[in-house]
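**Student:** Take this structure, written in structure tokens, and hold onto it; I'll ask about it next.
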């Protein structure tokens, strides 16, 4: 794994595109018990953001001239060195973009030719509060002074299972964070016991909040150890009194001793059990388990650039490999910025549940030119090649581990006119690109995109055509 791009971020099986909630916290799988108890800061107070030198104020997060290791224009956070969520928070954002550009280009050294168009990285105008999904654990610690249990919520300290109590986060949607804190306060009122992973006792394990970037709809998923939720109606009513913007509340039951946040069983406590949000002019249904990019603003940037690079004229057959729930394939079918979409889109994904979501999204948006298949993409392409089926554009967005030699061989065999390769791990993307370049392809264009400001993660798109 390349240290420059950090940790695994598989937020759903077989697919990635964001640092997962576990990887943001640097939480290990199962450390020694001595590292797994909740622990507050030395002061016993929850953290607030402070400004190194006052320039502007926004909800406690501040930017300005540096003291210590914080550079001018960077943000200062008192728990930055512990939680690990913002590896580059002390680096000014413009410098972050320069570093990512340099590192991505360096990975492709020797693979680009003199005619390759290397585009400057696309960053955010305001690189704060961009995560539309917020997940928090809840743990209890004994407050000796107050002689009562105190509930902490926030992030895991780097490399441990200790929870750092935090009231604000630069990355997280602010309303979602406020809901997380309200639930912490309601736990005492409704006698809700936080889960203890050492003893496998307690009730409330995590809360996940998802916010529709465009719709404003909010889904709260309460993850519990047991099915029975005493006082659930009163709890939901009190929560919605504080946050009337909440449109649905779901209880997810996870009775296993595991680091996996969500369990298999769910029931809806309020509302429809899902939210709707708009992306690139299309509407998508999002459940608690749906994969959906956490930075909606940059996802639109990423998708629009990828589809522009595909050079669609309205007549193409396009395959969306590793398609997940079909978001980019459906956008490609519709087209962007008034330009035509593909004449036919074939989405291929191994997981049947994701394929079912993709088909539902196609029906919901009235898109009939897209079809979705539950299959291994490489095997499916081999079958297409054997049948002499045409393919003009291959669009691929594999997991962090990248593609496989079998898939890439199938792509060469099928020989589309263009390959648009989206990657959340440019290191494995460069490895796969080398495989294709050795077999007669060239990189025509490269476009880095900053999906996760203040982290070391970088997204990259390359366009390949046959020489």
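Quick note: the coordinates plus some simple rules give every number you see, no bench work behind them. All values reported here derive from a predicted model rather than from experimental measurement. Methodologically, a virtual Cβ is constructed for each residue, glycine included, from the backbone with ideal geometry; neighbour enumeration extends over all protein chains shown.
**Student:** Assuming R0 = 25 Å, what is the FRET efficiency of residue 385 and residue 109, from their Cβ-Cβ distance, to the nearest 0.05?
**Tutor:** Step by step, r from the Cβ atoms, then E = 0.20.
**Student:** Can you tell me the FRET efficiency between residue 265 and residue 467 if r is taken as the Cβ-Cβ distance and R0 is 60 Å, rounded to the nearest 0.05?
**Tutor:** Between residue 265 and residue 467 the formula returns 0.65.
**Student:** A follow-up question, please. Which order do 325, 455 fall in if you start with the one that has the fewest other Cβ atoms within 10 Å?
**Tutor:** 455, 325
**Student:** Got a sec? How would 155, 396, 384 order by Cβ neighbour count within 10 Å, fewest to most?
**Tutor:** Ordered by Cβ neighbours within 10 Å, fewest first: 384, 396, 155.
**Student:** Round to a whole angstrom and tell me the spacing of the C-alpha centers of the stretch 418-438 and the stretch 312-332.
**Tutor:** Answer, in whole Å: 18.
**Student:** Continuing with the same structure: Please give the FRET efficiency for residue 413 paired with residue 353, using the beta carbon to beta carbon distance and R0 = 35 Å, rounded to the nearest 0.05.
**Tutor:** Approximately 0.75, to the nearest 0.05.
**Student:** A further question follows. Fewest Cβ neighbours within 10 Å first, please rank 258, 248, 182 accordingly.
**Tutor:** Neighbour counts put them in this order, fewest first: 258, 182, 248.
**Student:** Compute the orientation-averaged projected area for the stretch 133-279 from the convex hull of its Cα atoms and round it to one decimal in nm².
**Tutor:** For the Cα atoms of the stretch 133-279, the hull's average projected area reads 9.4 nm².
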